[in-house]
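As structure tokens, the structure follows; a few thoughts come after it.
What follows is calculated from the coordinates using simple rules that are stated; it is not laboratory data. What you see is a predicted model, and the numbers here were worked out from it, not measured in a lab. Neighbour counts are summed over all protein chains in view; Cβ atoms, including those assigned to glycine, are modelled from backbone coordinates with ideal geometry.
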Amino acid sequence: MSAQFPQRLTASTAVLLTVPPMMWAGNAVVGRMVSGLVPPVTLNFLRWALAFLILLPLAGRVLSPASGLWAHWRRFAVLGLLGVGCYNALQYLALKSSSPLNVTLMASSIPVWMLLVGWLWFGQRISYRQLVGIILSVAGVMLVLCRGQLALLTHFRLVPGDLLMLVAAFAWAIYSWLLARSREPARWRNDWSAFLLAQITFGLFWSGIFAAGEWASTDARIVWGWPLAAALLYVGIGPAVLAYCCWGLGVQRVGPNIAGFFANLAPLFAALMSAAFLGEPPQPYHAVAFLLIVGGIVVASRR
């Protein structure tokens, strides 16, 4: 049975879905900057521990025995595994051997995975407009990758981090489709903090196990200081709480297929942020890439 999503893409929903890729691009840049200060899987655990503490005063009631959370523990255990335990841990691992731009580029495969997962397991048909939208958006991503010079694409090589990010993108596609299949109490859907805290509660369990394995199998260490503290504040508040809230609300409005196209904005934001840190001004191809990516979103979202 195919999933139905009642709302069309509006300006407010577009803003909601633009915030996550912008935050995630910054997450990739920050994750690369602190890769020598904290192990990647441990960084993921610390990030979500901070997000848990931020949300606890807002939605701690969801953890009570009477809230209904525990009746849906299997669903939230899977959501926590995919969205909290796996996706960001794989991203931080990928940044050990890949660049922020490459990582966000691999994440731009999310729209393809969204369409395939929806078609294979959720009965969602792939429209001609969505295929055209993918072509336009991927063309924009390629333009960013080659810096406006197509000849540079011949020198592009995949590294282990790029492959890890492809696995992460696949996990995120499944996570997003599961978000769209509402089974929990309706009051949680109207309370983003409670819904996100329920996911993080189980996600901390998974990310804690993964972090413990990292410390047991490697010579992990943490270099505490203001740079790491500032990075944790950013990844714990922006990419974790704010981005996940906006993504969840956007997916509920227009569905995973349309929402997935917005992930293609991440490489553009990553390129701009990386250029800003290097003191390099944006180039004309950034504007062309932006138009292609947004054009793909517009074409795919029209009915």
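Summary table below
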item	result
Proxy reagent accessibility, fewest Cβ within 10 Å first, across Tyr128, Tyr92	Tyr128, Tyr92
Estimated inter-spin distance, Arg181 and Ala220, nm [label 7 Å along Cα→Cβ]	3.1 nm
Proximal charge balance of Gly208 [Cβ under 14 Å; K/R count +1, D/E count -1]	0
Alpha-carbon Debye profile of the chain, log10 I(q)/I(0) at 0.14 Å⁻¹	-1.05
Rounded FRET efficiency, nearest 0.05, which uses the C-beta distance separating Ser35 from Ala229 and R0 of 22 Å	0.85
Trypsin sites (Lys or Arg not before Pro) lying in DSSP loop within the stretch 1-105, provided at most 12 other Cβ fall within 10 Å	Arg8
